[in-house]
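Q: Sharing a structure with you now.
The values are calculated or read from the model by the stated rules, or taken from the named source; none is laboratory data. In this text, all values refer to a predicted model and were calculated from it rather than measured experimentally. As a convention, Cβ positions derive from the backbone with ideal geometry for all residues, glycine included, and neighbour counts pool all protein chains shown. Quick note on the areas: whole protein, heavy atoms, side chains included, nothing else; ligands and nucleic acids left out. Shrake-Rupley method; radii C 1.70, N 1.55, O 1.52, S 1.80 Å.
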Amino acid sequence: AVGGAMAGQLGFPSFAALLASPAEQPVLLLVDNCEHVVDDVARLVETLLARCPDLRVIATSRETLGVPGEFLFVVPPLPLDEAVELFLDRMSAGGAVPPPVDGWRATVAEICARLDGLPLAVELAAARARHLDLAEMVDRLDQRFDLLVDGPRTAQPRQRTLRAVVDWSYDLLD
């Protein structure tokens, strides 16, 4: 199923047709969010790499693929200034505006720091800025699982609330 989906996204009728197609130039394949099918993706990537020497693969996952030649790059939390900019960008995209009070940027920085610069947590907090005063948000961050619940309806269910993403990550553990 994963091979067929991968081939279809690349414009091939089947995984076998993808394997039979010679690459005319170096190819970069991005396989995003593959932890829930990591075993299948690992087998497919290993097969592709064995047949296509000019292929490079970027796979995003909470688990390594475990294929020969794999290089692990751990994505760190956002630096504070970037987390603040993300918060402000998402806050304004959601229709909220910074409050006309001194120190509001420091309050946003405190929110981002207390959320450890995690992009999804910062985005969820920014979405709450439409409904909550920033100082009130800071006061309620100790109950962040109850506070950060307004993710986009179009997002994957695991990305709509902070609790959902933590539960989903926990369920991946063996």
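Q: All but one of (1) surrounded by 18 or more Cβ atoms within 10 Å (Cβ to Cβ); (2) over 20 Å from the mean Cα position of the chain (by Cα); (3) in a helix (DSSP H, G or I); (4) at pLDDT below 85 hold for Arg158, so report the exception by its number.
A: (2)
Q: Let me ask another. Cys112 versus (1) at pLDDT below 90; (2) open to solvent by less than 70 Å² (accessible area, probe 1.4 Å): which is the lone unmet condition?
A: Failed condition: (1).
Q: Now a separate question. Conditions first: (1) at pLDDT 70 or above; (2) open to solvent by 80 Å² or more (accessible area, probe 1.4 Å); (3) part of a helix (DSSP H, G or I). Tyr170 passes all but one, so which condition is the exception?
A: It fails just one condition, (1).
Q: List every residue pair whose Cβ atoms lie under 7 Å apart, where the two residues are 6 or more positions apart in sequence or sit on different chains, the first residue falls within the range 8-26 and is in contact (Cβ under 8 Å) with a residue 12 or more places away in the chain, and the second residue, located anywhere, is open to solvent by less than 100 Å² (accessible area, probe 1.4 Å) and outside any helix (DSSP H, G or I).
A: Leu18/Leu10; Leu18/Phe12; Ala23/Cys52; Ala23/Asp54; Ala23/Leu55; Pro26/Asp54
Q: Given the options Leu124, Leu141, name the one that is modelled with pLDDT of 65 or more and more than 16 Å from the chain's Cα centre (by Cα).
A: One residue alone meets the criteria, Leu141.
Q: Further question on the same structure: Based on this model, can you work out whether Leu86 counts as at pLDDT 85 or above and within 15 Å of Met137 (Cα to Cα)?
A: Criteria not met by Leu86.
Q: May I ask you to list the residues in the range 58-112 that are of a type in the set (Ser, Thr, Tyr) and over 19 Å from the mean Cα position of the chain (by Cα)?
A: Across the range 58-112, the qualifying residues are Ser92, Thr107.
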